[in-house]
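Encoded as structure tokens, the structure appears first; notes follow it.
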Amino acid sequence: MASVIVVLWIASLKFFLLIDITQLTFLWVLLAILGRTSIQTGLFIVAHDAIHGAVLPRHRRWNNAIGRLAVTLYALLSYQKLSLNHWQHHKYPGQPSDPDFHDGIHDNILVWYLKFMKGYLDVRQTVIQFLGIGMMFLTLHFGCHIPISNLFLFWVLPIFLSSMQLFLFGTYLPHRSSSPRNSHHATSSNYPLFWSFLTCYHFGYHWEHHEYPFLPWYSLPSVRPNKRQRQPLENSSWKVTTRSIEGFSEVKVL
């Protein structure tokens, strides 16, 4: 599944960068932007699953290599920093030590989003992104003659829209409750399967993700509460531990 998303991201980017948008109606351009945004979000979900060891659970190095590739293609992010922050989130969900949570005072969605983004984009990472994406943008425009409109609409804009999608459905809605009823401080959406996938690759099933962090995104519907599977999966060969490797927490599936 991870390879499908990566290939789809590369193929769709190439297709839309070369397309003549003057021949498209506004509706088709809008649908193309939304489609590219959804695929962009899929890249992040691949990296997220890799952090949990769920892409190639029996091959840690390849699992992490795929995660690094996905997060690099996504927006030149640091897989190491992403891993560190994400395991901190799982350790202290919805608490002051959670890097994805608001500051404890300002739970306004915009302020929270800015704090969320700041947690992943320190000065060094921001410089890397600005210079890296800027150089690729200029190279594609002047060297490959890709129109600026195509680069902005089908590459740069989906990055921003995807970050908002991930924040809204993967952080804000699941963790905004001031009185969580479980140890994960998380709630889940009640969207039907189709809409759950469309909104954020089932990431809205957030209690399920915290309860079963080793499951890949496409398996989360199988442990929905309405199936009364709140107990650890029976006959499961999965054992999840975390350990420090190269300065960041990483999942190891035994």
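The values are calculated or read from the model by the stated rules, or taken from the named source; none is laboratory data. No experiment lies behind these values; they were computed from the predicted model shown. Note: ideal-geometry Cβ built from the backbone for every residue, glycine included; neighbour counts use all protein chains shown. The protein model used for the area step is the full one, side chains on, heavy atoms only, and it has no ligands, DNA or RNA in it. Shrake-Rupley method; radii C 1.70, N 1.55, O 1.52, S 1.80 Å.
A few notes on this one:
- Qualifying residue in the range 106-123 (condition: among the charged types (D, E, K, R), buried (at least 16 other Cβ atoms within 10 Å of the Cβ), under 23 Å from the mean Cα position of the chain (by Cα) and in a loop (DSSP other than H, G, I, E, B)): no
- Residue list for the range 197-206, restricted to those being buried (at least 22 other Cβ atoms within 10 Å of the Cβ) and either of a type outside the set (A, V, I, L, M, F, W, C) or part of a helix (DSSP H, G or I) (or both): Cys200, Tyr201, His202, Gly204, Tyr205, His206
- Number of the condition not met by Leu131 [criteria: (1) closer than 18 Å to Ser78 by Cβ; (2) open to solvent by less than 40 Å² (accessible area, probe 1.4 Å)]: (2)
- Residues in the range 134-170 that are aliphatic (A, V, I, L, M), open to solvent by less than 50 Å² (accessible area, probe 1.4 Å) and within 12 Å of Thr37 (Cβ to Cβ): Leu153, Val156, Leu157, Ile159, Leu166.
- Residue match in the range 62-82 (condition: without any contact (Cβ under 8 Å) to a residue 40 or more places away in the chain, over 26 Å from Phe130 (Cα atoms) and part of a helix (DSSP H, G or I)): yes
- Candidates are the residues of the range 61-84 that are among the β-branched types (Val, Ile, Thr) and under 13 Å from the mean Cα position of the chain (by Cα); the one that is least open to solvent (accessible area, probe 1.4 Å) is Val71.
Residue-wise test of (1) more than 21 Å from Phe116 (Cα to Cα); (2) at pLDDT 95 or above.
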site: Phe142; (1), (2): yes, yes
site: Ile146; (1), (2): yes, yes
site: Phe154; (1), (2): yes, yes
site: Leu157; (1), (2): no, yes
site: Ser177; (1), (2): no, no
site: His209; (1), (2): no, no
site: Tyr212; (1), (2): yes, no
site: Ser222; (1), (2): yes, no
site: Asn226; (1), (2): yes, no
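- Number of positions in the range 109-129 that are over 13 Å from Thr171 (Cβ atoms) and of a type in the set (Phe, Trp, Tyr): 0
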